[in-house]
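Read through the structure below, which is laid out as structure tokens, and then see the notes.
The values are calculated or read from the model by the stated rules, or taken from the named source; none is laboratory data. On a predicted model such as this, the values are computed, not experimentally measured, just so you know. We place every Cβ from the backbone using ideal geometry, glycine too, and count neighbours over all the protein chains shown.
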Amino acid sequence: MDLAATERAKKYIENLKAVLCSLEKTGAGNVRRVIEEASRYLRDAEFYLERTDPLTSVACSSYAEGLLDALSILGFTNVQWPTRRPPRVLVGGTFEIVHPGHLYLLKKARELGTVVVVVARDSTVLKLKGRKPVIPEMQRLEVIKSIKYVDEAYLGSDPLDIEGTILRLKPDIILLGPDQAVIEELVKKTIEKLGISVKIVKIGERIQGGLTSSSNIAKLLLSGGPGL
């Protein structure tokens, strides 16, 4: 399923629900009938989203929005749409040697919203991987900042503090790569502990072809492998 389209469909539905709730006791006669018709389109939008058809869902929501906007333009209602801020999408990683897998992850994050990247500190890499990173943290951060898909980039906490990072950066979505199982469990536990609404999205598999592992690239470099 197209993650970007799904998130967009959900946001449209969320906004429609908020506006229709504010119009619950507004209008009579034909005005009321138009509002009820918009409500039916909302139900259609939810129906199609449940059946993994986000594009049709967005189309239904758009019809509903058009009806409500028309009432507002004609002076029958005063529709105030919620601010449609793109969701903040948090991506974390070492980004030791940036490769096509990293670029794929960041591209997918941009499709979902504003991309906020946390680059692991050298001390965190040592703790989790049992070795110091080849590229120091400040250099890794500067490389990530230069990638066009990235809107914001920061060094992680030292020591690692997932709870503090989530509270500080306030993501709506946390996007994880296929090899971040350990972090995934820590993030799930943190979100549950905080009792906040943050969606976890995980890319299931690595992209095929080429070198898509920083550790493997480093081993290849050290061994003087093929083509080096």
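Which of the residues that make up region 174-196 are in a loop (DSSP other than H, G, I, E, B), more than 21 Å from Val98 (Cβ to Cβ) and touching a residue at least 24 places away in the same chain (Cβ under 8 Å)?
Taking region 174-196 and keeping what is in a loop (DSSP other than H, G, I, E, B), we get 177-180, 195-196.
Next, from what is left, pick out any that are more than 21 Å from Val98 (Cβ to Cβ): 195-196.
Scanning region 174-196 gives a single hit, Ile196.
This table checks each residue for (1) under 30 Å from Gln180 (Cβ atoms); (2) touching a Phe, Trp or Tyr at 6+ places or on another chain (Cβ under 9 Å); (3) surrounded by 13 or more Cβ atoms within 10 Å (Cβ to Cβ).
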{"residue": "Cys21", "(1), (2), (3)": "no, no, no"}
{"residue": "Gly29", "(1), (2), (3)": "no, no, no"}
{"residue": "Asp44", "(1), (2), (3)": "no, yes, yes"}
{"residue": "Glu65", "(1), (2), (3)": "no, yes, yes"}
{"residue": "Leu68", "(1), (2), (3)": "no, yes, yes"}
{"residue": "Leu71", "(1), (2), (3)": "no, no, yes"}
{"residue": "Phe76", "(1), (2), (3)": "no, no, yes"}
Out of all the residues in region 143-154, is one or more crowded, with 16+ Cβ neighbours inside 10 Å, at pLDDT 95 or above and assigned to a helix (DSSP H, G or I)?
yes
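How many of the residues in region 95-109 are more than 15 Å from Ile174 (Cβ to Cβ) and either among the charged types (D, E, K, R) or buried (at least 17 other Cβ atoms within 10 Å of the Cβ) (or both)? I'd like the intermediate steps shown before the answer.
The first filter runs over region 95-109 and keeps only residues more than 15 Å from Ile174 (Cβ to Cβ), leaving 95-104, 107.
If we keep only those that are either among the charged types (D, E, K, R) or buried (at least 17 other Cβ atoms within 10 Å of the Cβ) (or both) as well, we get 95-99, 101-102, 107.
Residues that pass the stated criteria total 8.
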Failed condition for Glu7, given (1) farther than 30 Å from Gly177 by Cα; (2) surrounded by 12 or more Cβ atoms within 10 Å (Cβ to Cβ); (3) of a type in the set (Asp, Glu), with all others met?
(1)
Which one is surrounded by the most Cβ atoms within 10 Å (Cβ to Cβ), of the residues in region 50-60 that are within 21 Å of the chain's Cα centre (by Cα) and closer than 9 Å to Tyr12 by Cβ?
Ser57
Quick test for you: out of Pro171, Pro133, Pro159, pick the one residue that is surrounded by fewer than 16 Cβ atoms within 10 Å (Cβ to Cβ) and in a loop (DSSP other than H, G, I, E, B).
Pro159
